[in-house]
Each structure stands twice: as structure tokens, then as C-alpha cells.
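Each remark here refers to the structure printed beneath this line.
The values are calculated or read from the model by the stated rules, or taken from the named source; none is laboratory data. Treat the numbers as computed from the prediction; the structure is a model and nothing was measured. With ideal geometry, Cβ positions are generated from the backbone for all residues, glycine too; neighbour counts draw on all protein chains shown. Note: areas computed on protein heavy atoms with side chains; ligands, DNA, RNA excluded. Shrake-Rupley method; radii C 1.70, N 1.55, O 1.52, S 1.80 Å.
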Amino acid sequence: MKKFLIAGNWKMNTNVYEAVELAKHIVHGVSTRNIADKVQVLICPPNTNLDAVHRELKDSKTILGAQNCHYEDKGAFTGEVSPNMLKQFDCEYVIIGHSERRQYFNETSELTNKKVIAALNHEIKPILCIGESLEQRQNGSTFNVLAEQLEVGLKNYPKDKIANLVIAYEPVWAIGTGVSATTEQVVETHLFIREKLCSILGDNAKDIFILYGGSLNPNNAQEILSSNNVDGGLIGGASLKHDQFLAIIDYAISI
Ligand code: PEP
């Protein structure tokens, strides 16, 4: 049986009231579905809403994550949030190296590596995002880009923590554009990622969850989620509409 992680990245959206409302709908929707061991549902609201959403998720089957963290525990890093601060809200996952962080905040693969290790040290599972730009895809450097993001981002990754790692393949050109990667592109790229992970971390990497992200929606979810080496989705826009997010969950349940 194929298992899935369906993760919502709310980005810089929702005030606290909207976040609670959205969380309520998702919690209710998940509670009325038989997700059993088949689908894990994760939502990643903005940090300002973690406390309120954490309360909504209490005793539910939906789990909480964050969108970013610093690699230090505390200190003079104005505006940053550390993994142990996220742990206060029982964050089980943290998204690291999202392309928007790489693009707008100059995050390098070296920095994502520090964050991955810091998250692990606080028992938070990192979702390391990787992906090529449109220019990189067009000039044929996609696999080189992904290889660098994985090799550097996973440097010194402890092999006994392989089960805690999630990779999200998110082609930059597909994020928020309404144009997802084709099934062929997804299959080819996820296979490359799987093989690369095995070469970096050994054979156990065959079980690492690899999510697809980039304009995943109810229209393309069934086909993409059914593809080889796709273990779930990281969903932006469609995760802000509970009916769309739940529809994607329904496809995951049905596969
Ligand atoms: C994302 O931000 O991770 C993402 C995949 O966004 P969207 O689903 O809106 O393309």
C-alpha cells in the first residue's frame, strides 16, 4: 500500500482568525475521512498562527509544521525563530530551503544544511525543498542543480535519522503559476532524486518520502500522486482552500 504525506504550505497568508477557521475545516474534513495509516496530513501556517492552530489540532489526526527556522537555538538574530521555539507548539516538521527563501532571502544550500541538522537535533523532521528555475530547466542543468542542493543540503546527515527526512521536489517555474510539471517530468526527476539520495545516504534512502510541489491541485493530483517515487505533495495555493486541500487528500486515500 502506498502511503502519502500531504502537506499544506500556507506561506505568508492568513491572520489568526482565518488560520483558525481554515484549520477547523481541515481538522473536521480529515476526521470524517478514513485516512488510517494511509495519509498523514500536515499544515504549515505562518509562525504568528502556530499557537492558535496548535490548539485547534489538539487530539486531531492533522499535524503541525513550520515554514522555516534558524539553525541556532537562541541569540541576536532579529526576526528569526529557532527549532526549539517551534517545538513549543509540537511542530513535527519544518520546511527548509523553499525556493522563495532561496530566491528572496538568498538562502544557500550551505545554509539549508545547517538548518536541516538543527531541526534534526530538536527532533523536528526537515522537509528539504529542492528545485530548478525555468532557465535551468531550459539550459539542461536541472539534474546538476538538484544534485548540488541534495549533496550540500544533506552534508553530514546522520544515517540513523533517514526516516526523519522528507524531500520536496518543487520546480520553481511550477510554484504558484498554475502550470505543474508534466507527469513525465515528475517521474524522471523523482527517479533521479531517489537515486541521488541512495548514493548520498545508502540503500535505506529508498524509503525517504519525496513530495512533489508546484501547482498541485484537485485536477492533477490523482495523476501526479500515482506516479512512481511520489510520496505526497507540498501544496501552496490549494492548501488555503479547505475543499481543494481535502479533495487532494481524497485522491491520496484512493490510490
Ligand atoms: C509551494 O509554495 O510550496 C507550492 C508548491 O505552491 P503552489 O502549490 O501554490 O504552487
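As a summary of the residue check, Ala205 satisfies the conditions (1) in contact with a strand residue (DSSP E or B) (Cβ under 9 Å, 6 or more places away or on another chain); (2) in a helix (DSSP H, G or I); (3) surrounded by 16 or more Cβ atoms within 10 Å (Cβ to Cβ); (4) not aromatic (Phe, Trp, Tyr) except for the one numbered (1).
Among what's in segment 92-122 and is among the charged types (D, E, K, R) and without any contact (Cβ under 8 Å) to a residue 40 or more places away in the chain, pick the residue that is farthest from Gly8 (Cα to Cα).
Once the filter is applied, the top-ranked residue is Glu107.
Of all residues in segment 194-220, those being away from the ligand (no atom under 11 Å from the Cβ) and among the small types (Gly, Ala, Ser) number 3. On the given criteria, is Gln185 closer than 22 Å to Ser227 by Cβ, out of contact with any strand residue (DSSP E or B) (no Cβ under 6 Å at 6 or more places or on another chain), open to solvent by less than 60 Å² (accessible area, probe 1.4 Å) and not hydrophobic (A, V, I, L, M, F, W, C)? So Gln185 fits the description; yes.
Taken together, Gly214, Gly176, Gly237, Gly233 contain a single residue that is in contact with a Pro (Cβ under 8 Å, 6 or more places away or on another chain), under 24 Å from Arg101 (Cα atoms) and touching a residue at least 60 places away in the same chain (Cβ under 8 Å), which is Gly214. For segment 235-255, state whether one or more residues are of a type in the set (A, V, I, L, M, F, W, C), surrounded by fewer than 20 Cβ atoms within 10 Å (Cβ to Cβ), more than 10 Å from the ligand (Cβ to nearest atom) and assigned to a loop (DSSP other than H, G, I, E, B). For segment 235-255, residues of a type in the set (A, V, I, L, M, F, W, C), surrounded by fewer than 20 Cβ atoms within 10 Å (Cβ to Cβ), more than 10 Å from the ligand (Cβ to nearest atom) and assigned to a loop (DSSP other than H, G, I, E, B): present. Only residues that are part of a helix (DSSP H, G or I) and either farther than 21 Å from Gly236 by Cβ or away from the ligand (no atom under 13 Å from the Cβ) (or both) were counted in segment 93-126, giving 13. Just so you know, in segment 61-92 the residues that are closer than 18 Å to Gly153 by Cα and open to solvent by 60 Å² or more (accessible area, probe 1.4 Å) include one that is farthest from the ligand (Cβ to nearest atom), and it is Glu72.
Taking segment 137-187 on its own, how many of its residues are under 29 Å from Leu240 (Cα atoms), away from the ligand (no atom under 16 Å from the Cβ) and acidic (Asp, Glu)? Of the residues in segment 137-187, 1 are under 29 Å from Leu240 (Cα atoms), away from the ligand (no atom under 16 Å from the Cβ) and acidic (Asp, Glu).
Just one of the listed residues (Ile210, Ile167, Ile200) is assigned to a helix (DSSP H, G or I) and β-branched (Val, Ile, Thr), and it is Ile200.
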